[in-house]
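*Asks:* Here it is: the structure, laid out below.
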Amino acid sequence: MEATVRDKAVREEETQATVVRSLSIADVSPAAPAVQFDDIARRVSEESPGMKQVVRPSAKSKRGRSIARNLALLARKIATIGIVVVAVLAALVTWDEYNSAPWTRDGSVRVQVANIAPQISGQIKELRVVDNQFVHKGDILYVIDPLDFEIALRSNKASLLQKMADHDVKELQAERRRRLTDLSTSTEEKQIYDGNALQAKAVVDSAQQLLAQAEINLKRTEVRSPVNGVVTNLLLREGNYAQVGSANISVIDTDSYWIDGYFEETKLARLCVGDRVEAKLMGYSSPVIGHITTVTRGVAVSNAAVATQGLPNVEPVYSWVRLAQRVPIRIAIDKVPPGVSLVSGLTATVTIRNARHGEGATLLQRARADVEESFVGLFGGDPARPGCIPNPS
């Protein structure tokens, strides 16, 4: 029994060796007919029913796999080149966007504030406004107790009448002396009476000026707004004492809003007076539209400060790191979108749009202008436009 099993195992090994030799011959001889390969496979299958039938792949399928491998390799190379090109372009655009493009996040809304101080002193009798109230130019803000000024006005009127009467008397006396002959009166006496009349006239003129001042002071008891605006940070109350020249109420001039953009000095070459500006305030999606009006002509220099013994204090500078100085650009507001409330101090992202970025320009024209400006600046060209910022004369 054991001999029979061994003989069967030996026959199977010989059969497998024959199959391997046959397949090897078929592989190294591509010209071998497919029928011969199939006969060998069939005989092996008949002699060894337990083995799977071996089928030789066709030449067409082998060529298909080779083409697929080549296409996959080409696709990987193209994808690698595309990724490299996109990365380089992204790096160039990012560098230009953050170092040369005319925009900045360092912008803020500014406004003029009227700090109102009374021109007379006195106790506040009536306060006619509240905090954050809108007032028109000429509206009364508060009233100072007018009693003292009414008394002063009446007193000056009475004083003026007295001095006018005295002047009339002296003028008549001088006129009578002028009509007398030199035998009736002397020349010296005539001159004395003429001088008295002139002095009385001067006193009347002075009294008239005092009366006018008293009338003005009485009007000044009503403190009025010099601008259209909003009362802000109101701390005043009735009963407070208003001191002449001391500001006690502030009004924001709502007709004076503007935007300051603090641009780096590396971006000034792309700015031009009159350029269109889009300023996006934090919290609002629609930008405020305006245009550049002026460029600040001077900023503080820390190295100009005088140290001990009158010597200049020069700060050390790292040659490999140089921070660009920021220069304020003043922007006039042309259009405020509906729903946007201007508040002084709000942060703004300011973007400059030149003539080629105007409202009439198409998307393609804007993109072309951006690319031209970007690459001119990146590769050492001069992006400055002559005559944009006029020199002061």
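Read the figures in this text as sums done on the coordinates, not as results from a lab. Owing to the predicted nature of the structure, the values given are computational and were not obtained by experimental measurement. For neighbour counting, all protein chains shown are included, and Cβ atoms are generated from backbone atoms with ideal geometry for every residue, glycine included.
*Asks:* Let's test the formula: R0 of 30 Å, r as the Cβ-Cβ distance of residue 347 and residue 112. What FRET efficiency results, to the nearest 0.05?
*Replies:* Working from the Cβ atoms, E equals 0.95.
*Asks:* Magnitude of the Cβ-charge dipole of segment 128-276, K/R +1 and D/E -1, about the Cα centre, nearest 20 debye?
*Replies:* 380
*Asks:* Which FRET efficiency value, to the nearest 0.05, is calculated for residue 151 and residue 296 with the Förster distance at 30 angstrom and r the Cβ-Cβ distance?
*Replies:* 0.05
*Asks:* At a 10 Å Cβ-Cβ cut-off, how would you order 284, 193, 142, fewest neighbours first?
*Replies:* 284, 193, 142
*Asks:* Residue by residue through segment 116-130, which ³J(HN,Hα) values in whole Hz follow from phi under the Karplus form 6.51 cos²θ - 1.76 cosθ + 1.60 (θ = phi - 60°), with glycine and proline marked x?
*Replies:* 9, 10, x, 8, 9, 9, x, 7, 6, 8, 8, 10, 9, 10, 10
*Asks:* Which of the listed residues, 149, 228, 266, is farthest toward the dipole's positive end in segment 132-272, when Lys, Arg count +1 and Asp, Glu count -1 at the beta-carbon?
*Replies:* Farthest towards the positive end: 149.
*Asks:* Using 7 Å Cα-to-Cβ label points, what is the residue 161/residue 128 separation (nm, one decimal)?
*Replies:* According to this spin-label approximation, the distance is 3.1 nm.
*Asks:* What are the extents of the Cα atoms of segment 82-160 along their three principal axes, in Å, largest first?
*Replies:* Extents along the principal axes, in whole Å: 97, 27, 18.
*Asks:* Between residue 67 and residue 318, what FRET efficiency comes out of the Förster formula 1/(1 + (r/R0)^6) with R0 = 51 Å and r the beta carbon distance, rounded to 0.05?
*Replies:* E(calc), rounded to 0.05, equals 0.30.
*Asks:* Per residue, what volume in Å³ does the convex hull of the Cα atoms of segment 129-195 enclose? Write out the running numbers ahead of the final one.
*Replies:* Working: hull volume 8.5 nm³, N = 67.
Taking the convex hull of the Cα positions in segment 129-195, it is 128 Å³ per residue.
*Asks:* If you don't mind, there's one more thing I want to ask. Run the dipole for segment 82-166 about the Cα centre, Lys and Arg Cβ at +1, Asp and Glu Cβ at -1, nothing else charged, and hand back the magnitude in debye, nearest 20.
*Replies:* It works out to roughly 300 debye.
*Asks:* Which trypsin sites (Lys or Arg not before Pro) in segment 193-298 sit in a loop by DSSP (not H, G, I, E or B) and have at most 15 other Cβ atoms within 10 Å of their own Cβ?
*Replies:* On the way: sites: 201, 219, 220, 224, 237, 267, 270, 276, 280, 297; in loops: 220, 237, 297.
Qualifying residues, ordered by number: 237, 297.
*Asks:* Same structure, new question: For segment 114-252, just the Cα atoms, rotate onto the principal axes and tell me the three extents in Å, largest first.
*Replies:* Computed over the Cα atoms, the extents are 81, 24, 20 Å.
*Asks:* Further, regarding this structure: Quick check: pseudo-label points 7 Å beyond the Cα along Cα→Cβ at residue 185 and residue 309, how many nm apart are they?
*Replies:* 8.2
*Asks:* Going through the cross-link list 137/219; 125/157; 125/219; 157/201; 267/335, which pairs have a Cα-Cα distance over 22 Å in this structure?
*Replies:* 125/157; 267/335
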